[in-house]
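To keep things clear, I will list the structure first and then write my remarks on it.
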Amino acid sequence: MKTTLILGATLIFLASTSQAQHHHNMHDMHSHEGHMHEQMVDGKALEVDVERFDNFVSDIPGDKIAVVSVQGMVCDFCARGIEKSFGKNNQISKIDVDLASGKVLLGFQSDAEIDQAYIEKQILNNGLNTTAIQVLGD
Amino acid sequence: MGGHTLMAYSNAQADKIYWHYTPNIKYSLGIDYQEDKITEQSFASARFTYLLHRKNTATSQRNLYLKSGVGLNDSDNHFYGLAGDWETRRLFVGFSAQQQSGQGYDLFEQTFKLGVAPYLGDYGDLHTWLMIETKKNDFDDRRTTYPVLRLFKGGALVEIGYHKKTDWDVHLMYRF
């Protein structure tokens, strides 16, 4: 009886450990798969508002993403100008301007070549300055 | 960039409608039409605005502009001046100094404006600014100071100030 109890307890412990490990693995998969914001670009983590970024990429799977850090973007007029400039490019599938973080997210079609000089020029044409561009999916 | 801006002003001195086109960030060209309430004259002017200086940082933008205009029918009607601002998403500081001549009088006017945004909206939200403007010109030796409410959404801006002596000061702007 005692041996049966010990064996049963051992089986339950092993089963629960296995379940926990499986759950942990699932958690890891949730954390790292499909969450582009955790990718590194040139050895640097993406500097983005995680929730905003995940929401941005959710409906453009497979597209390349450019995260542009912009100086001087303090009001809606700046944001509208940027949206208008990039909106003319038919290779850009989605645009998001985040005034709070000073970031512009650009979704490019998967076959598009991302020209960083072009991005910087559009920002400059709006009277603003680019300090960094991080590209995912290139 | 290539953008159009339509503005309307109304204060104790004049009612104005002003349109300008901005081919690039350095300058804009436009036309205004104004009805002067002091002389009851109406006239149109060509206007030129030049960006002398801009400094962008991660959280702010600072600008200095040269502004000028000349009457289309009578070049005696003209003005020139400087205007500047420094702005973050939370704070605004602006000034202007302008010399106006023609239509029977000369006028030098200085303004200074301080503003604070009580909340920080995201792009596309309604933005609200609570401001204080102070104005001094040749008509009155005393400085006039009054509260201004600025509402700003998308390409539209409405600014309303009130002082018991100078009455309403209204500014509408739409960018497209």
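FYI, it's all coordinate maths here, none of it is from the lab. Every value quoted in this text rests on a predicted model; they were computed, and no experiment measured them. Positions of Cβ are backbone-derived with ideal geometry, glycine not excepted, and every protein chain shown enters the neighbour counts.
Take each residue of peptide B:84-90, count the partner chain Cβ atoms within 10 Å of its Cβ, and average: the result is 2. About its Cα centre, the dipole of the range B:3-175 is roughly 840 debye, where the only charges are +1 on Lys and Arg Cβ and -1 on Asp and Glu Cβ. A simple spin-label model places pseudo-atoms 7 Å from Cα toward Cβ; at residue A:117 and residue A:58 they are separated by 3.8 nm. Entry note: the range A:71-138 has Rg to Rh equal to 0.93, where both radii use alpha-carbon atoms and Rh is the Kirkwood radius.
Positive-end ranking of B:71, B:154, B:11 along the dipole of the range B:3-175, with charges on Cβ about the Cα centre, is headed by B:154. Over the residues of the protein assembly as shown, the helix contribution to mean residue ellipticity at 222 nm works out to -6500 deg cm²/dmol, using -39500 (n - 2.57) for each DSSP H run of at least 4. At full extension, residue B:142 and residue B:73 could sit 21.5 nm farther apart than now, given 0.36 nm per residue minus the alpha carbon distance. With a Förster radius of 51 Å applied to the beta-carbon distance between residue B:107 and residue B:128, the computed FRET efficiency rounds to 0.95.
In the range B:1-98, a dipole from Cβ-located charges (positive for Lys and Arg, negative for Asp and Glu) runs towards its positive end, and of B:56, B:39, B:28 it is B:56 whose Cα lies farthest in that direction.
Rounded to the nearest 20 debye, the dipole size of the protein assembly as shown about its Cα centre is 560 debye, using +1 on the Cβ of Lys and Arg and -1 on the Cβ of Asp and Glu.
A dipole drawn for the range A:36-136 from +1 and -1 charges on Cβ atoms has a positive end, and of A:125, A:93, A:70 the residue lying farthest that way is A:125. Note on residue A:94: lysines with a C-alpha under 16 Å away, same-chain residues under 8 apart excluded, are A:64, A:84, A:103.
For chain B, the relative contact order works out to 16 percent when only alpha carbon pairs closer than 8 Å and six or more residues apart are counted.
Peptide B:117-129 shows a mean partner chain C-beta count of 3 within 10 Å per residue C-beta. Once the Cβ-Cβ distance of residue B:80 and residue B:15 is raised to the sixth power relative to R0 = 22 Å, the FRET efficiency obtained is 0.55.
Backbone N atoms of the range B:18-40 closer than 15 Å to the 7 Å Cα→Cβ label point of residue B:66 belong to residues B:26-29. Averaged over the residues of peptide B:27-37, the number of Cβ atoms from other protein chains lying within 10 Å of each residue's Cβ is 0.
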